Structures are given as structure tokens and as C-alpha cells.
Amino acid sequence: MRYRDPFKVFPKKLKSGKVVYYYTTYDMFNRRKQFSTGCTKKSDAKRFCINLLVTDSLTGSPTLTFKQYTKKWYVYGECKYIESILNRGRTYSRSNSELFRAKLVNKMWPYFGNILMTDVKPLHLEEWIIILKKEGLTNVTINTYLSAIKTIFNEAYRLGDITKNPVTHIKRLATDSKNKGTLTTSEVEKLLDPINKGMIWNKDIYYIFTLLASQTGMRIGELLALTKKILKEITS
């Protein structure tokens with residue numbers, strides 16, 4: 001097999017007239033890549049590349065699949081994104097992280113899991129939306145999934161882990177804005193009266209969730225994300 005140099009440096013004249021040395025190399029998939037050394041002298045550029053070669057960093061950060069990249073995403077206490085939010089004095093609930101983690105594992109990994117982060121295209125996202133629609137999910141629910149995956153790619157782009165953001169032009173789905181009406185106070189009291197529980201509710205869990213939502217203002221996603229651990233922390 002013919003030997004190939006791990007890198008080649010060459011001068012490139014910028015629009016400003018300044019000459020900067022770039023280098024070319026090949027990634028793990030034998031794809032030719034080009035990067036700037038930021039150096040104006042060839043000797044400095046070569047030294048720069050040799051240092052990268054020693055640390056196995058010629059092609060930049062290792063290319064990860066979506067599943068590898070999101071291994072700790074939305075895991076409370078381990079997710080760097082959540083940590084950055086909390087460090088800025090903002091709030092991010094544990095129940096919300098568990099809800100979005102479930103969305104990631106159950107709906108995103110099966111489709112995007114083995115695709116390289118750098119290879120995810122808008123077409124992949126559009127196809128994924130169609131799959132979710134065929135599964136019977138409503139537009140409102142699909143929009144929550146879009147919000148979760150957009151957060152991941154927006155953060156990856158902000159950190160420089162990807163050079164192109166596939167979610168930039170992905171739009172939310174239209175939602176049904178029809179007025180569904182509001183129950184009166186007497187209707188709510190009748191609905192949640194323990195005496196009527198057996199006649200109205202076919203499962204106790206539905207009654208408990210509705211009662212809890214009416215008393216706390218919790219949304220369905222927050223209720224579904226409740227665990228014994230969370231309840232223990234709240235009541236302790």
C-alpha cells in the first residue's frame with residue numbers, strides 16, 4: 001500500500017491579503033479534511049500539525065454517533081447542558097430532565113442513534129416527523145420532541161461540535177387552536193368527588209393524576225415523569 005503523509009501544509013491567501021497556512025488530512029472514513037493552523041510561517045504550521053498528530057487531534061474532535069454524543073443528555077447531575085443552565089442561576093427540574101430523557105431514549109435513539117452527528121441532515125428530521133405522525137402522535141406532542149432534539153443540536157453547534165446545524169430551518173407543526181371549553185367549579189367538584197370515583201373513572205391512576213393536577217397545576221408530562229425517588233424527596 002502506498003504511504004500517505006498524515007498531513008500536508010499549504011499557504012492560503014485570505015480576503016484581507018494575509019497569508020495563513022492550512023493543512024489537509026484524512027479522517028477515520030478516509031474523507032479529506034482541511035483546517036487552518038493559524039500560522040503565517042510554514043515551519044510554525046508544521047510544528048502545529050506535529051503537535052496535533054501526537055495527540056491524535058488532526059481531524060479535530062472525534063466524530064460520534066448521535067447515541068454516543070447524547071449518552072448523558074438529560075441525565076440530571078451528569079448532563080453538561082443542564083449543568084450550564086443551573087450554573088447561570090436558572091432552574092431546570094429533575095422531573096423535566098427525566099421526561100426529556102425518556103423522549104430521547106424512546107423516540108430519538110431508535111432513528112438517529114447510529115447516524116454520525118455530522119451526518120444528520122434536515123431530511124432525516126423531516127422523515128422522523130413523518131414516522132411520529134404515523135405512530136399517531138399529535139402535532140402538540142411532536143412539537144415537544146422537536147424542542148428536545150433542537151436543544152441538542154443547537155447546543156452542539158454552539159459548542160463547535162458540529163459545523164452545520166440541521167435543525168435551523170425545521171419548523172414546528174401547526175397546532176389545533178380550537179377552544180375545548182372549561183369545566184365549571186361544580187363540574188370539577190363532581191368529577192373529583194370520591195363518591196363518584198367508581199362511576200366516572202375506570203382506573204384509580206386516572207383519578208389520582210387528575211386530582212393531583214388540579215391541586216398542584218402540574219402538566220401531564222410532569223405527572224408522567226414522577227418517580228418514587230422524586231416523591232420521597234418532595235415529602236421528606
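The values are calculated or read from the model by the stated rules, or taken from the named source; none is laboratory data. Please read these numbers as outputs of a predicted model, since none were measured by experiment. When we count neighbours, we look across all protein chains shown, and the Cβ atoms used for this are built from the backbone with ideal geometry, even at glycine.
Tabulated values for the structure
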{"quantity": "Which numbered condition residue 55 fails, given (1) of a type in the set (S, T, N, Q); (2) loosely packed, with under 13 Cβ neighbours inside 10 Å; (3) under 30 Å from residue 148 (Cβ atoms)", "calculated": "(3)"}
{"quantity": "Residue list for the stretch 143-175, restricted to those being among the basic types (Lys, Arg) and either surrounded by fewer than 16 Cβ atoms within 10 Å (Cβ to Cβ) or more than 13 Å from the chain's Cα centre (by Cα) (or both)", "calculated": "158, 164, 171, 172"}
{"quantity": "Filtered residues of the stretch 55-95 (kept if among the hydrophobic types (A, V, I, L, M, F, W, C) and either on the phi > 0 side of the Ramachandran plot or modelled with pLDDT of 90 or more (or both))", "calculated": "66, 73, 75, 79, 82, 85, 86"}
{"quantity": "Helices (runs of 4 or more DSSP H) enclosed by the stretch 132-236 - at least 3 residues per element that are farther than 20 Å from residue 100 by Cβ and among the β-branched types (Val, Ile, Thr)", "calculated": "204-216"}
{"quantity": "Residue list for the stretch 182-236, filter: exposed (fewer than 10 other Cβ atoms within 10 Å of the Cβ) and among the small types (Gly, Ala, Ser)", "calculated": "186, 217, 236"}
{"quantity": "Single match in 57, 84, 43 (criterion: over 30 Å from residue 135 (Cα atoms), over 28 Å from the mean Cα position of the chain (by Cα) and not β-branched (Val, Ile, Thr))", "calculated": "43"}
{"quantity": "Residue ranges of helices (runs of 4 or more DSSP H) in the stretch 1-113 with at least 1 members in contact (Cβ under 8 Å) with a residue 60 or more places away in the chain", "calculated": "66-69, 80-87, 94-103"}
